[in-house]
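Taken together, the values in this text are just the output of simple stated rules run on the coordinates, not laboratory data. All of these numbers come straight from a predicted model, not from anything done at the bench. Heads up, the Cβs are rebuilt from the backbone with ideal geometry, glycines too, and the neighbour counts pull from every protein chain shown.
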Amino acid sequence: MPRVYLKTYGCQMNERDTEQVARMFTEGGYTLTKSEFDADAILINTCSVRDQAEQKALGKMGILGKQRRKRSHVVYGFMGCMAQSRGQELFEQIPHLDVVVGTQKYHKVFEHVDGILKQRLEARMDNPEFSLKGTSVCDTAEEVDSQNTIRDHLEKSQNSSAFVSIMQGCNMRCSFCIVPDTRGKERGRPIVDVVKEVEFLARQGVKEITLLGQIVNLYGRTEFPKIDGKSPFVQLLEAVHEVEGIERIRFTSPHPIGYRDDLVAAFTYLPKLMSHIHFPMQSGSDRILKAMRRPYKNEKFIEICEKMKAARPDLAITTDIIVGFPGETEEDFQATIDTVERLEFDNAFVFRYSKRKDTPAAEMEDQLPETVKEERNQRLLEVVNRLAKEKTSAIVGTVQKVFCEGASKNNPDTLSGRTPQNKIVIFEGDKERLTGEILEVKIESANDFTAYGTPVLVGV
């Protein structure tokens, strides 16, 4: 039985896409392996949002290629955003590469890889010198309805959470972002199809789902009508909320331009919606937001956050921020710090601006030196970490309902879970019995981003 090794770089959407590919390989008779050293096919799902992610993927693939001397039949492939963006040129950078598959062709990955592998194995049986022969494949063309192909899941054993892709693409064209070019235009899946997928997951024991979209709250805006003043996204939330067995619903990531009052109101009457939103701000300066082509002002972003906190008082808000955008002055940067202090985010992912291929920001004047970007990055992180520590420390002494995700990554002898506010909690207990369960945990201590506690259930 052939083995496939899958490595993912990037966001939750990439993780979901990789799961779809993995399901197709298992259905095709392959075994998933955690070791690249015994794999017959090695695939890396790539990200292009930041240059660092691309360099990691290229470096990893370069190292993996050293195996070809010993295992000449192995098929090597890139898929995802970098594959979409760079296409044919990747074959020049990585000589041993066999397959490049773009973001609208995940459903074709198995067909391409399996075809090459079978051809090589058959040729090697006849004459070993032909084991490397096989046609390389570059498949990055657009495909109608590709958003509907990300719908299958691997069997869920204990970790009863799942990502559900509800749309692909983005129409916003932020000046720093390559995503509209790598994932195409917005296109949503029908509500009935998403609900069927969630129902299937619920029957498998899944209790928590995260709805995924590049701009998730703009789901269906060009395809489906509003009903009773509710956007298609709110209609979808209501429909998913009715699925028996699903106890927690999350979504990522929304955009201020589509964050209307109907979505704010949904948090007042849909209790399965968790008390956390990841809400990218990017900058606290109106001048920089305009240069970024973010069609809102800082006060509008603040207004939405304050409305959300009024609708759900225990809400936690996390965000994305870019520092060192072209032309960012000290005044602009200070406006970002001021907004972070005002809104008291529970956490923020801070990124130094990096040029992305074929984006308007890459050609802007006043590109900042890396020393300035790094200095601002560190200053902002100090503020973010201080606020995060205050937020996490505030739950010490309370009892939190924690969804147990399984063994902790840093210490497999302990368990890890998340509160409704998406805060990580570490505790001890029976992994086999508690993974996938929601239990009460008494919080006893905390650091910047992690709380530690003890389950209050008898016998845990």
Roughly what angle does helix 191-203 make with the longest principal axis of the chain, taking Cα atoms, 0 to 90 degrees, to the nearest 10?
90 degrees
Looking at the chain, what % of its DSSP beta bridges pair antiparallel, to the nearest 5?
35 percent
Going by Cα centres, the range 20-70 and the range 153-184 are how many Å apart?
19 Å
Selection from 37, 377, 194 lying farthest towards where the dipole of the chain points positive, charges on Cβ:
37
With only alpha-carbon atoms counted, please give the Rg and Dmax of the range 399-455, in Å.
9.8, 29
Using alpha-carbon coordinates, inclination of helix 232-241 to the longest axis of the chain, degrees
90 degrees
Past the 21 Å Cα-Cα mark, which pairs from 196/401; 7/108; 401/423; 355/389; 56/185; 56/118?
196/401; 355/389; 56/185; 56/118
Taking every eigenvalue of the Cα gyration tensor of the chain, multiplying by 5 and rooting it, what semi-axes result, largest first, whole Å?
36, 28, 23
With charges only on Cβ, +1 for K and R and -1 for D and E, what is the dipole size of the chain about its Cα centre, in debye, rounded to 20?
480 debye
For the range 208-223 and the range 271-339, what is the centre-to-centre distance using only Cα atoms, to the nearest Å?
19 Å
In the range 142-194, trypsin sites (Lys or Arg not before Pro) in a DSSP loop with at most 11 other beta-carbon atoms within 10 Å
185
Using a 10 Å cut-off on Cβ atoms, rank the peptides 82-93, 41-52, 137-148 from the highest mean neighbour count down.
41-52, 82-93, 137-148
On average over all directions, what projected area in square nanometres does the range 188-257 have, based on the convex hull of its Cα atoms?
4.6 nm²
Short to long, in 5 Å steps from zero, the percent of alpha-carbon pairs of the range 144-274 per bin is 2, 11, 21, 24, 20, 14, 7, 2, 0
So how compact is the range 3-139: Cα radius of gyration and Dmax in angstrom?
13.9, 45
Compute and list, largest first, the equivalent-ellipsoid semi-axes of the range 199-311 from the alpha carbon gyration tensor, each √(5λ) rounded to a whole angstrom.
27, 15, 14
Dividing the convex hull volume of the alpha carbon atoms of the range 283-394 by its residue count, what do you get in Å³ per residue?
98 Å³
Across the alpha-carbon set of the range 71-120, Rg over Rh with Rh taken as the Kirkwood radius works out to 0.97
Mean Cβ-within-10 Å packing, highest first, puts peptides 240-247, 320-327 in the order 320-327, 240-247
If you check each cysteine of the chain for another cysteine whose beta-carbon is under 4.7 Å away, which ones come up empty?
11, 47, 81, 138, 170, 305, 404
Short version: ³J(HN,Hα) in whole Hz for each residue of the range 387-399, in order, from phi by Karplus 6.51 cos²θ - 1.76 cosθ + 1.60 (θ = phi - 60°), x for Gly and Pro, what are they?
5, 4, 4, 5, 5, 5, 5, 5, 9, 5, x, 9, 9
